[in-house]
Every structure is written in C-alpha cells, then in structure tokens.
Amino acid sequence: MKVLKRLTAANMIWVITAYVCLFLSIIIQFFWTIRIGMIADAIVSREKIEIKFMFIMFAILLASCLFIYLKSLAGKYATERMAHTLRMDFAGKLLKSEREAIGGYEAMSKAQNELTASSEGLSGIFDVIEQFLSGILALIFLLFANLRFTLIVLGPLIAVVLLINRIGKNLPGLVNAAMDKRISNNKTAYMIISNFEAVKVFGAEEFFEEKFKKELEEWGRLETKKERISAVTNSVSGILSQLPLLILFGVGALLIWRGYMTIGTLMIFLNMTGSFIRTITNLPSWVVRIKQFLVHLSRTDIASEIQH
C-alpha cells in the first residue's frame, strides 16, 4: 500500500482531477435517472411536459457526455503518469543498488512480472473505482429514498459480501507464493543460460530440466488454486445478485397496485439498484484483482529488499 501512496502523492493533482470528474459524472447520471422517473410519472398521469423541462433534460445529457469524456481522459492520464513514476522509481532503485544485493534473475523476473502486472493494474484501477463509487452512492440514495424497501430488496446481497470476505483472505498468500515460485523458476532458467557451458560439461541437463519442470508445475498449481477461488466467488455472486431484481419487481408491483409507489419511482429504484447490483456482482473479481495488484505493487519496492 505504501507504494500506491507514494505514486498517488507524486501525481496528486492529476489524481484529484480524475476523482472530481468521476464524481461529477456519476452525480449527473443520477440526476438523469431521477428526471426519467419524473417523465414516466407525467406520462402515466397524462400531465403536460413543459418545454423548459425538456431543455433541462438536454442540458443534463450534454453535461453527462462532457464529464464522461473528461473523467475518461483525466483517469487514463493520471494512471499512466503513476505507471511511469513506478517504472522510473523501479529503474532508479535498481541502478543504485549493489550487484550482490539483488540477483540478475530476480531483477529480470520483477521487470517481466511484478512491474508489468502493476502497470496493467494501474491502467484499470479507475474503472473499478468508478463502478464501486457508483454502487455505493446508489445505495446511499436508495436508503434515504425508502429505507424499508431498500433493505427488503438488497438483503440477500449480505450473503455475497460475507462470502467474499471469507474466501478472499487466502488470496494475498497465494499471490505471493505464486510469484516466489515464478522467481525461482526464472532463477533456474537464468542459471542455465549464464552457465550453459558448465551445464554441458558436467552433464547436468537432466537435473536442471527436472528442477525447472518441478518449479513450473508448482507455480501452475498455485495459479490454478488462485483462479479457482475467483471462479467460485464470481459464480455464487452471479446467482445471488439476481435475487434483488426478482424481489424489486414483486414488491414494487404490489406497492404500485396499492398506491404506495409510482411507476417513475420504481424505474428510479430499478436503475439505482442495478448500479449497486453491478458493484456487488463484480466485487469478487475486483477483490481478486485488487489484492493481486497490491501484492505485485508491493513486490516492485526493491528498496526494502536491498536494505535486508
């Protein structure tokens, strides 16, 4: 986490700009959803829709398009600057280190694996933040709009959160173990390449082949276990996330029939609930991605390893 904080601090202005554009984009989309609900109620009650109202809708649409463009532009620029800072930071520390402090095979492995994975993780981090923030703001809106109805609709999703929290605890250990095996595998390959003549002279081809294969199989086993956890959590959350929609239509239809809710309000709830459900549905894969990303990012900090 300290590496992420350092990257954020080094590019604070662009990170803040990206967050502001992201937040405003979500808020404007919420205003659009509320206005759509108002139009639906007006149509059902056969009320006249004024020209002023339509101009406001058009202005909200233009503002939404503008901030979607700005948040995408600012987000991509901020994450690319953070990735550039990470690469330069890694290269600077590597060049300043002593040759004995970190082996060539390990430096090669970190550049090929941890550094690449961290840069890729940074490029997609704002997309995850956008969906997560959108879901949380939607939940807050729903709780204030109708607390009882929201709890009835979203109650089953508590099971998803508990499941993710339980299973996700094993992920950091698996990611670290898998990367250690990858480094060990790269070390073996590096030894074979750098000492190829000695390997041939002493007839050690079979020994190194067996060693390389064993390390590769162990790495594959850990990666498979890690992906299995991701698949299980995604499958379970995918099933449970559909329950709120069924409850929403069932309870919502009953409330409309009894006059406690309008169709426009149900449309607003449907849209807002959809935002929150998308967050919950994607939460397992986000947990896996973020934990892997943070582990990879922490392993690029070779300064702490050099000190040891």
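Each reported figure results from applying straightforward, stated rules to the coordinates on display, with no laboratory input. Computed from a prediction, not measured in an experiment: that's the story for all the values here. Methodologically, a virtual Cβ is constructed for each residue, glycine included, from the backbone with ideal geometry; neighbour enumeration extends over all protein chains shown.
For this structure, a couple of remarks:
- In range of the label at K2: residues from the range 123-138 whose backbone nitrogen is under 17 Å from the point 7 Å along Cα→Cβ: none
- Label-to-label distance for E223 and L246 is 3.8 nm, based on points extended 7 Å past Cα in the beta-carbon direction.
- The HN-Hα couplings worked out from phi for the range 6-16 by the Karplus form 6.51 cos²θ - 1.76 cosθ + 1.60 (θ = phi - 60°) are 5, 5, 5, 5, 6, 10, 4, 4, 6, 5, 5 Hz, whole numbers, x standing for Gly and Pro.
- Per-residue Cβ neighbour rank within 10 angstrom, fewest leading, S123, S25: S123, S25
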